[in-house]
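These notes concern the structure reproduced below.
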Amino acid sequence: MSMTNNARTRRTVHLLLIALAVCLGLSIAAVQSPAFAAKTPAKVSGLNVIDVNDFSVTIEWNKAKNAKRYEYQYKKASAKKWPKGVDVTYDTYADIDLTSSNTKYQIRVRGVNGSKRGKWSSAKTVCTLLQTPYAIWATYIDHSAIELAWYPVDGVEEYVLTWDQGDGDIVGEKTVKGTSYRVESLNELNFYCFTVQAVKSGAPTSKPAVVELYTFDQNNRLETDPNGALKLRSFSQNDNLTDVLPAMYMINIDSEYNVEEQGFYFPDLELQELAITKGATLNQTSRGDVALTSQTFRVGETFTAPDGSEQKITRLKLTTEPNIVFEDCQYYKDAYDKIEKFIVDIYTEDHPLEGTPFYVEWEH
């Protein structure tokens, strides 16, 4: 008996579904077969250290076959065991932050592909540099001499101070025991770049802390008076006195001698003269702001206060806002860049002590 057209059609569809199921099963089997599994990455080669600092290193390596990403580990060379954790990168380089200066570390890398991990590379040993001095700054400047000071590095007694005139050709070098040195016989109104590096027998020299300064003319001087106050005869808003400002490095500790915060403090600076090109004179008791385009304030002379009165200046005190910078400031330049404005308090004969009503302000 022959099948009807409907029955024949149902049978054909049934057979097609069976064939499709078989094909799908074969496809799944093919995907799950070992021939199509992720391949184990090759062992990483060419591991190299391309930059070394006091608390960090940068490494690179050759691309490993079959690797989709990389894991790396590091430990102090004196440690017997590698850490359990790993750091991951999808590049063939890594910047690694470390905890100790002048310390030998071992680093290794391996490739990863899915759940497959290649063999670790041969370990690379690197020694971090001596700690870079936090800052170098001027404590005295005149027309022919500049005295520098810098922060000490723990365990270091000697430093190498060099200076050039911006072209990289060293014109002077001195090995100093201590944290200050006075450079003599400089040229008036000349640019100088000073660097200081920590040195220690058997240890890698630190990277330099740098300050760029100009010598002054015959009429100006940065100095410390007998009472310890820092004085600058003349300060001009246009002058590039970025690193002339002295700074102190402050460390606050708790009762158990743990460091709570640390950073830079810019102390007050006594002025004899202030040249301002853009800013404002303000009155603390009643706003009365007066915009300035060009004006010079001198101790011993008078100025027209915002309230219209004539006042004789007895003292000018330069401060910064903020004057204490604790966050993200490992080095002097980091702190200086965070200064938002300069403020000069104007002391007068009518207001010789605290609570001076007048001041000059301008943005950094």
Cβ-defined net charge surrounding ASP142, 11 Å radius [Lys, Arg +1; Asp, Glu -1]: -2
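In deg cm²/dmol and to the nearest 500, what is the mean residue ellipticity at 222 nm of the chain if only DSSP H runs of at least 4 residues count, each as -39500 (n - 2.57), divided by the residue total? Write down the numbers at each step before the final one.
Numbers: 2 runs with 34 residues, N = 364.
-3000 deg cm²/dmol, from helical runs alone.
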Reachable aspartates and glutamates, given that their alpha-carbon falls under 18 Å from the alpha-carbon of LYS207 and they are not under 8 places away in the same chain: ASP51, ASP54, ASP95, ASP97, ASP154, GLU157, GLU158, ASP164, ASP169, GLU173, ASP334
Distance in nm between pseudo-label sites at ASP225 and TYR257 (7 Å out along the Cβ direction from Cα): 3.9
Whole-percent carbon and sulfur share, accessible surface of the chain, 1.4 Å: 48
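How big is the dipole moment of the chain about its Cα centre under a simple scheme where the beta carbon of each Lys and Arg is +1, that of each Asp and Glu is -1, and everything else is neutral? Debye, nearest 20, please.
With only Lys, Arg, Asp and Glu charged at Cβ, the dipole is about 4780 debye.
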Prolate/oblate/rounded label for the stretch 119-175 (Cα gyration tensor, a/c 1.5): prolate
Rounded accessible area per residue of the stretch 165-223, 1.4 Å, Å²: 57
Candidate lysines for bridging to LYS231, where Cα separation is under 18 Å - those fewer than 8 sequence places away on the same chain excluded: LYS317
Per principal axis, descending, Cα span of the stretch 55-136 in whole Å: 49, 29, 18
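Where Rh denotes the Kirkwood radius from the mean inverse Cα pair distance, what is Rg over Rh for the chain? The partial results should precede the final answer.
Details: Rg = 33.9 Å, Rh = 26.3 Å.
Reported Rg/Rh, Kirkwood definition of Rh: 1.29.
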Two-site label geometry, ARG298 and GLN330: point separation in nm, points 7 Å out along Cα→Cβ: 4.7
Selected from ILE170, ALA138, ALA79, residue furthest toward positive end of dipole (the chain; charges at beta carbon): ALA79
Beta bridges per DSSP with both ends in the chain, % antiparallel, nearest 5: 95
Neighbourhood charge, 14 Å Cβ-Cβ cut-off, centred on TYR74 and excluding it, Lys, Arg +1 and Asp, Glu -1: +4
Alpha carbon centroid spacing (whole Å) that separates the stretch 323-340 from the stretch 81-122: 33
Interchain or long-range residues, amide H under 5 Å from PHE358's placed H: GLN284, ILE346
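Using only alpha-carbon positions, what ratio does the radius of gyration of the stretch 33-79 give when scaled by 2.2 N^0.38 Å?
That works out to 1.58 for the stretch 33-79.
I need the calculated FRET efficiency for the pair TYR90 and THR58, taking r as the beta carbon distance and R₀ as 22 Å, to the nearest 0.05. Could the numbers behind the result be given before it?
Details: r = 16 Å, r/R0 = 0.74.
E between TYR90 and THR58, to the nearest 0.05, is 0.85.
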Candidate aspartates and glutamates for bridging to LYS68, where Cα separation is under 12 Å - those fewer than 8 sequence places away on the same chain excluded: ASP91
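Can you give the percent of C-alpha pairs in the stretch 256-331 whose distance is more than 16 Å? Don't jump to the answer; show the numbers that get you there.
Numbers: 1852 of 2850 pairs.
Of all Cα-Cα pairs in the stretch 256-331, 65 percent lie more than 16 Å apart.
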Hz values of 3J(HN,Hα) by residue in the stretch 332-338 - Karplus curve (6.51, -1.76, 1.60), Gly and Pro given as x: 3, 4, 4, 5, 4, 5, 8
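Grab the other residues whose beta carbon is less than 12 angstrom from that of GLY46, score K and R as +1, D and E as -1, and report the net.
On the way: positive: LYS43, LYS63, LYS124; negative: GLU60.
In short, +2.
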Listed pairs LYS76/LYS124; LYS76/LYS177; LYS80/LYS116 exceeding 23 Å between Cα atoms: LYS76/LYS177; LYS80/LYS116
For the stretch 161-294, the fraction of alpha-carbon pairs in successive 5 Å shells from zero, as %: 2, 7, 12, 15, 16, 16, 12, 8, 6, 4, 1, 0, 0
Under the Karplus curve 6.51 cos²θ - 1.76 cosθ + 1.60, θ = phi - 60°, whole-Hz ³J(HN,Hα) for the stretch 41-54, x wherever Gly or Pro sits: x, 5, 5, 5, 10, x, 4, 9, 9, 9, 7, 10, 10, 6
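The values are calculated or read from the model by the stated rules, or taken from the named source; none is laboratory data. Not measured: the values here are computed from a predicted model. Note: ideal-geometry Cβ built from the backbone for every residue, glycine included; neighbour counts use all protein chains shown. Areas reflect the complete protein model, heavy atoms only, side chains present, ligands, DNA and RNA absent. Shrake-Rupley method; radii C 1.70, N 1.55, O 1.52, S 1.80 Å.
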